[in-house]
Amino acid sequence: MKKILLALLFAAVMGAVAGAAEIDDTIDGVWGMKFGTPVAEAARIMTEQNNAALLCEYSYVPNYHEAFYKVNFFGREGHLLLRFSKRGLFLARFAFIRAEQLPAAAPQSSSAENKKKEKKYLAFSRNFTELNAMLTRKYGAAKAEYTADGALSGYQWITGTFGRQSVVLFENRSLSRNDTVLSYEDASRK
């Protein structure tokens with residue numbers, strides 16, 4: 001009996017190790033660009049490799065630069081803002097165009113009892129659901145959750161010293177059609 005239990009325990013541990021080996025928990029860039037990529041190299045990657053269309057670019061203070069692109073990120077239409085410091089790329093923020101109509105957010109009950117009973121979720125778009133699955137496969141379980149008006153609206157994956165590299169995915173209830181937001185950031189390069 002002990003041998004069977006030990007064999008089952010060993011198999012479970014080996015399965016967990018094998019599953020963990022498939023997860024890349026290092027956040028070091030996005031869409032073929034590493035954090036720290038200079039402006040000119042990022043522009044080449046965006047236009048030549050990723051077929052993005054540059055809409056505008058500008059500098060707003062010395063050593064800081066932004067570029068704004070129209071993109072198709074793995075079949076998702078939207079826009080991408082890239083931010084650079086003197087240390088290169090430090091932020092990439094996608095805003096994806098929502099194709100489907102989401103139900104309106106249900107009014108939140110003011111009862112403290114109801115809030116403790118169950119977690120409330122925003123209605124998530126197809127973009128959010130698919131990106132969440134992709135990020136979970138790549139980085140593992142999210143380290144933090146975001147809420148809006150008492151309902152779960154997004155997740156954050158964090159790596160690096162003091163959690164300086166992160167990916168944030170959230171569903172934004174704005175009036176625009178750009179509602180699923182995905183941000184990659186290396187705060188140490190700001």
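The values are calculated or read from the model by the stated rules, or taken from the named source; none is laboratory data. Computed from a prediction, not measured in an experiment: that's the story for all the values here. Cβ atoms come from the backbone with ideal geometry, glycine included; neighbour counts cover every protein chain shown. For accessibility, only protein heavy atoms count, side chains too; no ligands or nucleic acids. Shrake-Rupley method; radii C 1.70, N 1.55, O 1.52, S 1.80 Å.
Total residues in the range 126-153 satisfying the condition of being at negative phi and not in a helix (DSSP H, G or I): the figure is 11. Restricting to the range 126-168, count the residues that are under 13 Å from residue 182 (Cα atoms) and open to solvent by less than 30 Å² (accessible area, probe 1.4 Å). Going through the range 126-168 one residue at a time, the tally reaches 10. The residue that is modelled with the lowest pLDDT, among those in the range 19-71 that are acidic (Asp, Glu) and open to solvent by less than 80 Å² (accessible area, probe 1.4 Å), is 24.
Residue pairs whose Cβ atoms lie under 6 Å apart, sitting 6 or more positions apart in sequence or on different chains, and linking a residue in the range 38-56 that is within 23 Å of residue 190 (Cβ to Cβ) to a partner that is among the small types (Gly, Ala, Ser) and open to solvent by 50 Å² or more (accessible area, probe 1.4 Å), are 45/32. In the range 50-68 there is no residue matching the filter, namely being more than 28 Å from residue 140 (Cα to Cα), part of a helix (DSSP H, G or I) and under 22 Å from the mean Cα position of the chain (by Cα). Taken over the range 154-190, the criterion of being within 19 Å of residue 85 (Cα to Cα) and part of a strand (DSSP E or B) is satisfied by 165, 166, 167, 183, 184, 185, 186.
Scanning the range 159-169 for residues that are modelled with pLDDT of 95 or more and of a type outside the set (S, T, N, Q) turns up 167, 168, 169.
Any residue in the range 85-94 that is in contact (Cβ under 8 Å) with a residue 12 or more places away in the chain, in contact with a Ser or Thr (Cβ under 6 Å, 6 or more places away or on another chain) and open to solvent by 20 Å² or more (accessible area, probe 1.4 Å)? Yes.
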